[in-house]
Amino acid sequence: MSTDFRARLELATRDAPHEPALAALGTALVTTGHTALGWVELHLTLTADDLGTAATDAVARATAATGLPVLAVEVLPRAEADARAGIIPSPTTIGVPETAVLLGITEQAVRHKLRTGRLAGRREGRDWRIQRAEVDRVRAARDAPAEG
């Protein structure tokens, strides 16, 4: 089964690679930068069957694209890399408190909208669960410029 991985590679140069070299990495390239010691750093996202294959593929892609040797490589499953970077996946459903914050209204107003059908949600025991897409739809409708 394939998994998404994030790879961080340090290249044996302090000079930024030329744009055509970076373009050869295509959608795998996420960001570039420099390490604390000045080495060029590439961040890639790639799909592989396992971590070893992801590491080998990342090194091969970076070397082929830039023609430069790789000094270091760090590869993590994407979920772990995102967690370490503080990236929290957005849940598909949220509760009344989160909905209130996103809509800029009180929790009581959210419950009223749910009871009157102006906001779609489902009961889970005493609580409500609202699809994040529904909250986005209500916000977009509220924030849309008035026609006329």
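The values are calculated or read from the model by the stated rules, or taken from the named source; none is laboratory data. Not measured: the values here are computed from a predicted model. In this analysis, Cβ positions are derived from the backbone assuming ideal geometry, glycine residues included, and neighbour counts consider all displayed protein chains.
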- Give me a count of the residues in segment 1-30 that are in a helix (DSSP H, G or I) and surrounded by 15 or more Cβ atoms within 10 Å (Cβ to Cβ). 3
- Query: Among 33, 38, which is the only one that is surrounded by fewer than 16 Cβ atoms within 10 Å (Cβ to Cβ), small (Gly, Ala, Ser), touching a strand residue (DSSP E or B) at 6+ places or on another chain (Cβ under 8 Å) and without any contact (Cβ under 8 Å) to a residue 40 or more places away in the chain?
  - Reply: 33
- Query: When you go through 28, 54, 72 one by one, which is the residue that is in contact with a helix residue (DSSP H, G or I) (Cβ under 9 Å, 6 or more places away or on another chain) and in contact (Cβ under 8 Å) with a residue 24 or more places away in the chain?
  - Reply: 28
- Based on what the data block shows, is residue 100 in the same structural domain as residue 11 (by TED's automatic domain parsing) and surrounded by 11 or more Cβ atoms within 10 Å (Cβ to Cβ)? no
- Pairs only if they're at least six apart or on different chains, beta carbon under 9 angstrom, first in segment 109-125 and at negative phi, second basic (Lys, Arg); list them, first residue then second. 112/118; 114/123; 119/113; 120/137; 121/113; 121/129; 122/129; 123/129
